[in-house]
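The values are calculated or read from the model by the stated rules, or taken from the named source; none is laboratory data. Since the model is a prediction, treat every value here as computed from it, not as a measurement. As a convention, Cβ positions derive from the backbone with ideal geometry for all residues, glycine included, and neighbour counts pool all protein chains shown. Note: accessible area is taken over every heavy atom of the protein model, side chains too, but ligands, DNA and RNA are not part of it. Shrake-Rupley method; radii C 1.70, N 1.55, O 1.52, S 1.80 Å.
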Amino acid sequence: MKSTRLYLLLSAGLLLATGTQAQTKQETGGKPMPADWIDQDTGHKVMRLTPTDGGNGSFYFHNNPFLKGKAGEGDKMVYYHTDERGKQLRLVNLKTRQVEPLTRYFTKVSGEIVAPKGRDVFYQAQDTVYATNVDTKKTRRIYVFPKDFPGNITSLNANETTIAGALGGKEAREILRKYPAKSDFFNRIYDAKVEHILFTIDAKTGKRTDIYKENTWLGHVQFSPTDPDLLMYCHEGPWHKVDRIWHINIKTKQNKLVHKRTVEGEIAGHEFFSPDGKTVWFDLQKPRSVTFYLAGAEVKTGKEKLYQMDRNEWSIHFNISPDQKLFAGDGGDAGQVAKAPDGMWIYLFRPEGDKFKSERLVNMKHHGYKLEPNVHFSPDGKWIIFRANFEGQEQVYAVEIAKAAS
């Protein structure tokens, strides 16, 4: 582990040394890029956050990957690293770009969850849930799923006491095994109407509790960032057939529909909480592939706010800045639901009335959108972080929101 860490620190040092050189405007991707450059089509500075010693991937768009730095050392971001040895979680310092391993290598790691107060990272390797402390690197085992309950964790509540996840029934798991491509399993699992279970695990005792069961596909489980008892989940399947977004109180078991479809062919999804927990934001199309919005539903009242955008501005995933004044999107290629002829961009959105004013930050024409970029705002709100394969291998990048000096 020490030799690995030394190699990574040296790699990061070389990256920083390269980054001190004057950046030049150039096309993004299609070839190996320097550590820093100015996107010639947008005028924004882009930098690679991860050393190119393997594949590196950032977290899913609604999973917070950040931890505050100590004593001015810089905030840290957790990410996935993959090479011939397997897969592990690593840390990158957003100020220095120094990289260090967080976990050992596993065959498979998933369920990434950062606990910013306890400074732990929860994750799942095969059937076992672990937590590793960012500062001490000590790892503890939280829970081992029994063979007859191969669940998956996805979220941690606001007071960091409870983990949540979902499990599909045996028939759903068999469909997923037999048809691993999303285009093949998606409708099959929905049509099967198999029982799915929402469960929680006590982060200290490891006690599992099954909190809700339904004979339909449940997923996209995520806790409110402020209310430790509020869990959001969705009815998965073809979006035009489901009222997708729901809340459940894990103590009272009270269920609530967040958004009711009102137009034939309407879809709503890829939901996420605002940082203050007061709003659930989601992609809304009324109807599908025709009119595009980012919509926000107030958690308490259900009142909705809609921001309209054009076809090219639609994004697979959206996100919101820490101060909740700006939004970002990761765009999409012509094969996505919007069928956008010119949508392959990382976007910044500024609300103006009931519409978005967009700014293109990164040209993604060399990126393959089967890998979803999954945008995140940096903790200081000055950068948008995303993953991409426009150099030929998956890496993690950041683009500065302020335009580079000309």
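Taking each of Lys193/Lys253; Lys45/Lys403; Lys178/Lys339; Lys305/Lys325 in turn, the alpha-carbon distance tops 18 angstrom for Lys193/Lys253; Lys178/Lys339. The modelled label-to-label distance between Glu174 and Lys25, using points 7 Å beyond Cα along the C-beta direction, is 6.0 nm.
Heavy-atom accessible surface of the chain, averaged per residue, reaches 45 Å², computed with a 1.4 Å probe. Among the listed pairs Lys278/Lys357; Lys182/Lys260; Lys256/Lys382; Lys70/Lys108; Lys108/Lys182, which have their C-alpha atoms separated by more than 28 angstrom in this model? The answer is Lys256/Lys382; Lys70/Lys108.
Each of Ser315, Thr205, Asn152 was placed along the dipole of the chain (beta-carbon charges, centred on the mean Cα), and the one lying farthest toward the positive end is Thr205. Close amide H contacts of Leu218 (hydrogens built in the peptide plane, cut-off under 5 Å, sequence separation of 5 or more or a different chain): Glu236. Residues whose amide H lies under 5 Å from that of Glu266, counting only those 5 or more places away or on a different chain, are Arg288; hydrogens are built 1.01 Å from N in the peptide plane.
Trypsin sites (Lys or Arg not before Pro), restricted to the range 228-271: which are DSSP loop and have at most 11 other Cβ atoms within 10 Å? Those that pass, being in a loop and sparsely packed, are Lys251, Lys253, Lys260. Beta-bridge orientation, the chain: approximately 95 percent antiparallel, per DSSP, counting only bridges with both partners inside. Projecting the Cα atoms of Pro238, His259, Thr50 onto the charge dipole of the chain (Cβ charges, centred on the Cα centre) puts Thr50 farthest toward the positive pole.
Packing, taken as the mean count of other beta carbons within 10 Å per residue, orders the peptides 112-120, 78-86 from highest to lowest as 112-120, 78-86. Around the Cα centre of the chain, unit charges on the Cβ atoms of Lys, Arg, Asp and Glu (plus for the first two, minus for the last two) sum to a dipole of about 880 debye. In sequence order, the range 170-187 has phi-based couplings of 4, 5, 5, 5, 5, 4, 5, 5, 7, 10, x, 6, 4, 5, 8, 8, 4, 5 Hz under the Karplus curve 6.51 cos²θ - 1.76 cosθ + 1.60, θ = phi - 60°, and Gly or Pro positions carry x.
Between Lys357 and Lys108, the C-beta separation translates, for a Förster distance of 41 Å, into a calculated FRET efficiency of about 0.45.
Annotation: extensible slack from Asp380 through Val290 equals 28.9 nm (criterion: 0.36 nm per residue apart, minus Cα-Cα distance). Of the residues Phe356, Asn374, Gly72, the one whose Cα sits farthest towards the positive end of the charge dipole of the chain is Gly72 (charges of +1 on Lys and Arg Cβ, -1 on Asp and Glu Cβ, taken about the Cα centre). About its Cα centre, the dipole of the range 338-402 is roughly 180 debye, where the only charges are +1 on Lys and Arg Cβ and -1 on Asp and Glu Cβ. In this Cβ point-charge picture (+1 for Lys and Arg, -1 for Asp and Glu), the range 159-311 has a dipole of about 200 debye about its Cα centre. A simple spin-label model places the labels of Thr205 and Glu298 3.8 nm from each other, with each point 7 Å out along Cα-to-Cβ. Here the accessible area is traced with a 1.4 Å probe on the protein chains. For the chain, carbon and sulfur cover 50 percent of it.
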